[in-house]
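The values are calculated or read from the model by the stated rules, or taken from the named source; none is laboratory data. The structure displayed is predicted, hence computed values, not measured ones. Here the Cβ positions follow ideal geometry from the backbone for every residue, glycine too, while neighbour counts run over all protein chains shown.
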Amino acid sequence: MKIYAPSYKRPNAAFTHKFISCVQYVVAESEAEEYRKNNLNVWAIPDSAQGNLCRARNYILDNSEDKQIIIIDDDLTGFGRYEKQESKRLNEDEFIEFCEHGFILAEDLGVKFWGVNLLQDKGAYREYTPLSFTAYIGGPFQAFNNLDLRYDEKLPLKEDYDLSLQVLNKYRKTMRFNAYHYLAKQHTNEGGCATYRTISREKQQFELLQKKWGSKIVKKDGSSKEKYDINPIIKIPIAGV
């Protein structure tokens, strides 16, 4: 098992290593020295593979010697699980043990792609549904069990939605541990996707995702009338949880 964190223009704003010491940052060759100055574990990849999150992640999947891979965000602040109605933070050893058990269960169930809950909010966790098998797997934590599918480089702002749909379309199941959740500075940190994320681009990406999968599967969240919600609603037409 290998844990990678793609990072782009964030030599001073990548801090997942403070929680997971074994993480390897995947950065462009031209930026590698700046990251190494901060004593970070770096895998330098060609500059041509950076600048697009999908391209960088595909490079990892294509070139890593490991077949069981976890790709996480470079700005994770922690990882938690719900116990007796409260969120408990995992230490590094507990996190690694969870990941190892996750891959064992994935192997047993024939799952190629798995992850964890998207929110720390208790309202997102249903105690009587510990696992989901038709769920979207968010980009901040994605586990690959020898997966043969790749990210669509035309959708760098909706890549996790698209890959989840690809996997469900081909293999009919993902696996999500609902009691577990990541803590990250999504959409607020410098560098990375923030260098090209705008509302106009988000709308364009939503339209491309909806065109690819259809309006019955990819829907706009119309509940907020004050601002545009950048997160689409995904309706999976497969029976189960």
Can you tell me which of (1) more than 20 Å from the chain's Cα centre (by Cα); (2) among the hydroxyl-bearing types (Ser, Thr, Tyr); (3) modelled with pLDDT under 95 is the one THR77 doesn't meet? (1)
One residue from SER48, SER87, SER30, SER64 being closer than 30 Å to ASN178 by Cβ and either modelled with pLDDT of 95 or more or in contact with a Ser or Thr (Cβ under 6 Å, 6 or more places away or on another chain) (or both): SER64
When the residues of the range 69-97 are narrowed to those that are of a type outside the set (Asp, Glu) and in contact with a Cys (Cβ under 9 Å, 6 or more places away or on another chain), which ends up farthest from PHE144 (Cα to Cα)? ILE96
By residue number, the members of the range 208-217 that are over 21 Å from the mean Cα position of the chain (by Cα) and assigned to a helix (DSSP H, G or I) are LYS211
In the range 132-140, is there at least one residue being surrounded by 22 or more Cβ atoms within 10 Å (Cβ to Cβ), out of contact with any helix residue (DSSP H, G or I) (no Cβ under 7 Å at 6 or more places or on another chain) and within 20 Å of TYR59 (Cα to Cα)? yes
Cβ-Cβ under 8 Å pairs, at least 6 apart or on other chains, the range 69-84 side under 9 Å from THR16 (Cα atoms), far side among the polar types (S, T, N, Q) and crowded, with 21+ Cβ neighbours inside 10 Å: ILE72/THR16; ILE72/GLN142; ASP73/THR16; ASP74/SER7; ASP74/THR16; ASP75/THR16; LEU76/THR16
Tally time: how many residues in the range 112-142 are more than 18 Å from PHE79 (Cα to Cα) and among the β-branched types (Val, Ile, Thr)? 2
Test set (1) surrounded by fewer than 21 Cβ atoms within 10 Å (Cβ to Cβ); (2) farther than 19 Å from ILE45 by Cβ - LEU118 fails condition number: (1)
